[in-house]
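Here the structure comes first, spelled out in structure tokens, and everything after it is commentary.
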Ligand SMILES: Nc1ncnc2c1ncn2[C@@H]1O[C@H](COP(=O)(O)OP(=O)(O)OP(=O)(O)O)[C@@H](O)[C@H]1O
Ligand SMILES: [Mg+2]
């Protein structure tokens, strides 16, 4: 298989006199998640649709796994490329199972395989197959329907998945959850994903590579860390800067406080770590692996000492020996650890060493005075499901 799942070669798209995509040259490496981001109308959707031939280029060529899309039958091509859009458009009269297995059925896959496939895919997107497989789309929430959309896009086991603002119609909490799941899923199934968004926070959270577009022109194509460190011009600076921080004030509810620990994936860079810490207003991050397993912690010291090394990942500089506890550790012990440990938080792991949350001084206080929990500020990484067990 060629190194690149998608290659745009001098691609131009004109609608009438207007060039909406101008001489696009872009390679999407196999197995990576590339986000395309830019203001409304800059040509993101058009670019995506040229890959599966919902739109044909005016000039240039696009290769998918090394073969020109021009030479391929559009219907066949689309069956081999996953596609997820904002309002997913499940078929209302089909069950979830029928929706998910539609393309494999069209491709003539055996009934036996399909049975296991539904189960596997629902598991993958975090929905219990025994509950959801026989339901109809209207019996699912918006976020659950988007998950089905992701499952459906993966059903024919495509090498490539195109996603056009798949989460943008969702509330902030479902959105963050789905972003987390997509990152995990990407690590697990190694698909190549071309993901369109106009939310820089989303791009920074999930992307291996970010392509910034403006008026149909690719302005910068870099890793998130490089984009943050070296924005090419004022436009990029503004886009990664002010736009990104505008979402800081979003309101979090108790549920959000209950479940969100401030974590970062092992392969992220240090500039990214700083942005996450600033955004979440915490002085430490917890590094987790692809299965949610705890790996270590990262504080200001580790970042400060290693920041000059642009190639280092958070997992290279994290501390692996910080104290941790489990849900069964008694509170005095956790408090003692908290006192001894200068970082201000103790990661809590389950019996399989996966991170379930953190205990901070603030979370302990709110557990001792439960009615005040609504007063806990969103910037405190409180895990109430942990603190709730501390009485
Ligand atoms: N079928 C069409 N005919 C004429 N112009 C079109 C057509 N489709 C898109 N355009 C124009 O092409 C430009 C790019 O559109 P596109 O949908 O690719 O933008 P986008 O980056 O996806 O924007 P958004 O963030 O709003 O989804 C826009 O100016 C749009 O008006
Ligand atoms: Mg669009």
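The values are calculated or read from the model by the stated rules, or taken from the named source; none is laboratory data. Just so we're clear, the structure is a prediction, and the values are computed from it rather than from any experiment. Glycine gets a Cβ as well: all are built from the backbone with ideal geometry, and neighbour counts include every protein chain shown.
A few points about this structure:
- Test for residue 374: is it at pLDDT below 75, outside any loop (DSSP other than H, G, I, E, B) and within 30 Å of residue 189 (Cβ to Cβ): no
- When 19, 44, 13 are checked against the criterion of being within 16 Å of ligand 2 (Cβ to nearest atom), surrounded by 14 or more Cβ atoms within 10 Å (Cβ to Cβ) and over 30 Å from residue 141 (Cβ atoms), a single residue qualifies: 13.
- In segment 150-176, the residue that is nearest to ligand 1 (Cβ to nearest atom) out of those that are crowded, with 19+ Cβ neighbours inside 10 Å and within 24 Å of residue 273 (Cα to Cα) is 167.
- Against the numbered list (1) more than 18 Å from residue 264 (Cα to Cα); (2) within 16 Å of ligand 2 (Cβ to nearest atom), residue 203 comes up short only at (1).
- Flag for residue 228 being under 17 Å from residue 31 (Cα atoms) and away from ligand 1 (no atom under 16 Å from the Cβ): no
- Only listed residue being farther than 23 Å from residue 159 by Cβ, away from ligand 1 (no atom under 12 Å from the Cβ) and assigned to a strand (DSSP E or B), chosen from 21, 34, 12: 12
- Residue-level analysis places residue 324 among those that are at pLDDT 85 or above and over 21 Å from residue 268 (Cα atoms).
- Meets criteria (more than 25 Å from residue 86 (Cβ to Cβ) and modelled with pLDDT under 90) for residue 230: yes
- Unique residue being within 24 Å of residue 3 (Cβ to Cβ), within 26 Å of the chain's Cα centre (by Cα) and surrounded by 12 or more Cβ atoms within 10 Å (Cβ to Cβ) when the list is 102, 63, 90: 63
- Of the candidates 87, 93, the single residue that is within 16 Å of ligand 2 (Cβ to nearest atom) and either touching a residue at least 12 places away in the same chain (Cβ under 8 Å) or in a loop (DSSP other than H, G, I, E, B) (or both) is 87.
- Within segment 133-149, considering residues that are touching a helix residue (DSSP H, G or I) at 6+ places or on another chain (Cβ under 8 Å) and farther than 21 Å from residue 163 by Cβ, the one surrounded by the most Cβ atoms within 10 Å (Cβ to Cβ): 133
- Of the residues making up segment 37-68, those that are more than 9 Å from ligand 1 (Cβ to nearest atom), out of contact with any helix residue (DSSP H, G or I) (no Cβ under 6 Å at 6 or more places or on another chain) and over 19 Å from residue 84 (Cβ atoms) number 10.
- Here residue 64 clears all of (1) away from ligand 2 (no atom under 16 Å from the Cβ); (2) at pLDDT below 95 except the condition numbered (2).
Rundown of residues vs (1) touching a helix residue (DSSP H, G or I) at 6+ places or on another chain (Cβ under 7 Å); (2) within 27 Å of residue 80 (Cβ to Cβ); (3) away from ligand 2 (no atom under 16 Å from the Cβ), yes/no style:
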| residue | (1), (2), (3) |
| --- | --- |
| 153 | no, yes, yes |
| 159 | no, yes, yes |
| 164 | yes, yes, no |
| 167 | yes, yes, no |
| 175 | no, no, yes |
| 196 | yes, yes, no |
| 208 | no, yes, yes |
| 211 | no, yes, no |
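- Those helices (runs of 4 or more DSSP H) of segment 109-225 in which at least 1 residues are in the same structural domain as residue 53 (by TED's automatic domain parsing) and modelled with pLDDT under 85, considering only elements entirely within it, cover 111-124, 142-155, 172-189.
- For segment 23-33, the set of residues classified as crowded, with 16+ Cβ neighbours inside 10 Å and either within 16 Å of ligand 2 (Cβ to nearest atom) or more than 26 Å from the chain's Cα centre (by Cα) (or both) consists of 24 only.
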